[in-house]
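> Here it is, the structure in full.
The values are calculated or read from the model by the stated rules, or taken from the named source; none is laboratory data. Keep in mind the model is a prediction, meaning the values are calculated, not measured. Neighbour counts are summed over all protein chains in view; Cβ atoms, including those assigned to glycine, are modelled from backbone coordinates with ideal geometry.
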Amino acid sequence: MSYKTIVYQKSRQVACITLNRPEAANTINLQMAMEIEEACQRINGDEDTKVVVLTGAGGEAFCSGEDFNQLSGTVSDDALSPDALKEFTLRYNVSAMVGGIRCPVVAAINGEALGAGLALALSCDVRVASSQALFGVPDLARGYFLANGITQLLPRIVGRGKAMELILTTETVDASEALRIGLIHRIAPHHEVFSEAEKLAGDIASKAPLALRYIKEAVNKGLDMTLEQGLRLECDLYMILHTTHDRTEGVKAFREKRQPLFVGE
């Protein structure tokens, strides 16, 4: 597929999705939502991809949210038409699409991450941010209800109280505050944020791919389970992994004091 609003690249076993609308602060329009969905499906169908890096083009914004110009053209006082409802669902499922990638996803947040853009960042597993990055949820100030995943993702990461404060006040926080409250994991100098994320992705990619996927599944699904159910899931995935070639290779390499050669089987 030829992309117009994203750039998709793959180097070795690390894929990179770059939101590519810098002239519009990388805001999400329908075309971008469709292309992100296709890229996520492409990644899930590629057993050779171990890690994904998600970033934004230009030096100003990771993603500044929804393209409100397009939104105003599809929403009226009347009920949404079937086509408009389909488009709405696609646009607002973007964070779920990224969250549904089976392998780990690292966000390289190179600028503003606002509204739907913040939800997109939160759907990633690890977040590396520029020292100049800003984070916030301005939707309420614009009169919009939040329907991009932020009301569910944000409380799970920073807690209910802080999430409510950020959503209701519509205030932005800088990278230092974002790190303090657990919104991001690492801060890098502005011009080094992508290389830092890429380095982290490379380190993760050196691990066994099946184990990476099972760990992500155990953590993400376990959050919506009771402790007993989560522990059972963890045990089930462990038993499945116990039967694989990579698990045997890992043990053998440890005993032989060498680097393991994982094949994803």
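> Looking only at region 6-13, decide whether some residue is aromatic (Phe, Trp, Tyr), closer than 29 Å to His191 by Cβ, crowded, with 22+ Cβ neighbours inside 10 Å and modelled with pLDDT of 95 or more.
The initial filter retains those residues of region 6-13 that are aromatic (Phe, Trp, Tyr), namely 8.
Filter once more, so that each one left must be closer than 29 Å to His191 by Cβ: 8.
If we keep only those that are crowded, with 22+ Cβ neighbours inside 10 Å too, we end up with none.
Checking region 6-13: not a single residue is aromatic (Phe, Trp, Tyr), closer than 29 Å to His191 by Cβ, crowded, with 22+ Cβ neighbours inside 10 Å and modelled with pLDDT of 95 or more.
> Hey, does region 168-183 have a residue that's in the same structural domain as Gly65 (by TED's automatic domain parsing) and closer than 27 Å to Thr49 by Cβ?
So far as region 168-183 goes, yes, one or more of its residues are in the same structural domain as Gly65 (by TED's automatic domain parsing) and closer than 27 Å to Thr49 by Cβ.
> Looking at Met164 and the list (1) surrounded by 17 or more Cβ atoms within 10 Å (Cβ to Cβ); (2) over 19 Å from the mean Cα position of the chain (by Cα); (3) not charged (D, E, K, R), which single condition is not satisfied?
With respect to (1) surrounded by 17 or more Cβ atoms within 10 Å (Cβ to Cβ); (2) over 19 Å from the mean Cα position of the chain (by Cα); (3) not charged (D, E, K, R), Met164 is out only on (1).
> Hey, does region 124-145 have a residue that's assigned to a helix (DSSP H, G or I), under 20 Å from Ala107 (Cα atoms) and not hydroxyl-bearing (Ser, Thr, Tyr)? Before the answer, list the steps.
Step one: filter region 124-145 for residues assigned to a helix (DSSP H, G or I), giving 139-142.
When the remaining residues are screened for being under 20 Å from Ala107 (Cα atoms), the result is none.
Checking region 124-145: not a single residue is assigned to a helix (DSSP H, G or I), under 20 Å from Ala107 (Cα atoms) and not hydroxyl-bearing (Ser, Thr, Tyr).
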